[in-house]
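Structure record follows, encoded as structure tokens.
The values are calculated or read from the model by the stated rules, or taken from the named source; none is laboratory data. Bear in mind the structure is a predicted one, so any value in this text is a computation, not a measurement. As a convention, Cβ positions derive from the backbone with ideal geometry for all residues, glycine included, and neighbour counts pool all protein chains shown. These area figures cover heavy atoms from the full protein model, side chains too; ligands, DNA and RNA do not enter into them. Shrake-Rupley method; radii C 1.70, N 1.55, O 1.52, S 1.80 Å.
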Amino acid sequence: MPEGEKPANVYVSALEQLRGAVEKLKLDPGVARLLALPKRELTVHFPVRMDDGSLQIFTGHRVQHSVLRGPAKGGIRYHPDVTLDEVRALAMWMTWKCAVVNIPFGGGKGGVVCNPKVMSLGELERLTRRYTTEITPIIGPEQDIPAPDVYTNPQTMAWLMDTYSMHKGHTVRAVVTGKPVSIGGSEGRVEATGRGVVITGLEAAKRLGMDITRCTVAVQGFGNVGAVAAQLIEREGARVIAVSDSRGGICNPKGLSVSAVLAHKAKSGSVVGFPGSEPVSNEELLTLKCDILIPSALEEQITERNAARIHARLIVEGANGPTTPAADRILFDRGITVVPDILANSGGVTVSYFEWVQGIQEFFWTEEEVNERLKAILTRAYGQVHDMADKHRTDLRNGALMLAVSRVAEALRIRGVYP
Ligand code: NAD
């Protein structure tokens, strides 16, 4: 954290996690300090003409935590609660995420403080195009490659690619990932994060001796990550008993039909009110009786307040940072396995890497090829994280962080310090 600033909780958590890995790896203090700081931060304030003719000024950030292993990579979030500290934490996690699956990227993240729920499509397009223009000096296929995050989607990425391409005078596909397939997106990208959650969750369940067809599952957050994870784990034979979104949750111990819940949400805008289900709050959902819990909404959901009451034997982190370090310790002591975010939700960035490769080569793969390569990368990464955790008698989060941090530190060691 830059000197003299008080960081937000999520950044404190990210730094605390890093400190744990750094101590176990016995890293040089100078290297540790470098890894704790973002390499580059850009904050922009910019105007957008609203539909009613007024001018509104928005604030956006783009943070590049590390470019030691390759261009910065990470999503862009549109949310009223976006802060620079949150973006810093998310950028740092992206560095570890790319390193843990061993793809040639560093970590970055962006965010705009806005409430997309009350903005029209035209306002969102103008906001995206202006924000893209403001951050254009530091993004590009070889510098920093944005992607979707909370409340941004393939359409947002299409506007971003188009705006960047207009400035360059030619189409630059590889400046962004998570764009629609029709303009160079990758098959399988939309489902990739949820698919990765299920691939790593199944690996963990297998090692814990859990039979997935006898497992019950609760999923917090029913967006791109949570809804896909719910669908795919149901397809593996598990019973999804609860899901939620920002308006609340629903529960049925006998099992919910995920496709029917999706149809209900598409019609009504929320999972709430799904016929045959009982309402549960987002807080209650986390402590329901179930075997597998998949938090897939926002940060800091599992804390020291509720960690002792969690029933699940296995937690697979679809969201970034859903568990605080204090909660992690409680869960570890209680023997609950946590597949950490930087491994569990790395399917998205892995297929983003595939999309970037396809964009540069102008040679596109089938969905089967994408899914097969994704499974191979995540299964290998899971094994490596598991071995690291075993060797150091620690949990999977520390194992994953140690693996990632050691890879980034090795890149620094071998490249050397300039000049
Ligand atoms: P999304 O916008 O598609 O979905 C978010 C979901 O969470 C929505 O259902 C929303 O209603 C719900 N939600 C919002 N606030 C909530 C609250 N307070 N309580 C419960 N639910 C709430 O976003 P997404 O892409 O699915 O991202 C979800 C999480 O996964 C984020 O932490 C994101 O950083 C992380 N993630 C996303 C990707 C990706 O490829 N999309 C990749 C890695 C990590």
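Among the candidates 249, 255, which residue alone is open to solvent by less than 30 Å² (accessible area, probe 1.4 Å), part of a strand (DSSP E or B) and touching a residue at least 12 places away in the same chain (Cβ under 8 Å)? Lay out the reasoning, then the answer.
Working: 255 fails: part of a strand (DSSP E or B).
Answer to the check: 249.
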Problem - Filter pass, residue 69 being charged (D, E, K, R) and open to solvent by less than 40 Å² (accessible area, probe 1.4 Å) - result: no
Completion exercise
The number of residues in the stretch 223-262 that are out of contact with any strand residue (DSSP E or B) (no Cβ under 7 Å at 6 or more places or on another chain), hydrophobic (A, V, I, L, M, F, W, C) and within 15 Å of the ligand (Cβ to nearest atom) is 5
Handout entry: Those residues of the stretch 367-383 which are over 20 Å from the mean Cα position of the chain (by Cα) and open to solvent by 30 Å² or more (accessible area, probe 1.4 Å), in sequence order
Key = 367, 368, 369, 372
Completion exercise
Across (1) more than 13 Å from the ligand (Cβ to nearest atom); (2) open to solvent by less than 50 Å² (accessible area, probe 1.4 Å); (3) part of a helix (DSSP H, G or I), residue 206 clears everything bar (2)
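Scan the helices (runs of 4 or more DSSP H) fully inside the stretch 272-362 and keep the ones with 2 or more residues being over 30 Å from residue 144 (Cβ atoms).
Answer list for the stretch 272-362: 282-286, 325-333.
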Practice task
Please give the strands (runs of 3 or more DSSP E) falling wholly within the stretch 1-87 in which 3 or more residues are over 22 Å from residue 350 (Cα atoms).
Solution key: 40-49, 55-66
Handout entry: Flag if residue 373 is farther than 30 Å from residue 281 by Cβ, in contact (Cβ under 8 Å) with a residue 12 or more places away in the chain and not assigned by TED's automatic domain parsing to the domain that holds residue 224
Key = yes
Problem - Residue pairs meeting the criteria (Cβ under 7 Å; at least 6 apart or on separate chains; first assigned by TED's automatic domain parsing to the domain that holds residue 258, in the stretch 211-222; second open to solvent by 30 Å² or more (accessible area, probe 1.4 Å) and polar (S, T, N, Q)) - result: 220/282; 220/301
Completion exercise
Apart from one, (1) in contact (Cβ under 8 Å) with a residue 60 or more places away in the chain; (2) part of a helix (DSSP H, G or I); (3) open to solvent by 20 Å² or more (accessible area, probe 1.4 Å) all hold for residue 196; the odd one out is (3)
Handout entry: Selection from the stretch 130-157 of residues that are part of a helix (DSSP H, G or I), more than 16 Å from the ligand (Cβ to nearest atom) and under 26 Å from residue 192 (Cβ atoms)
Key = 131, 132, 135, 138
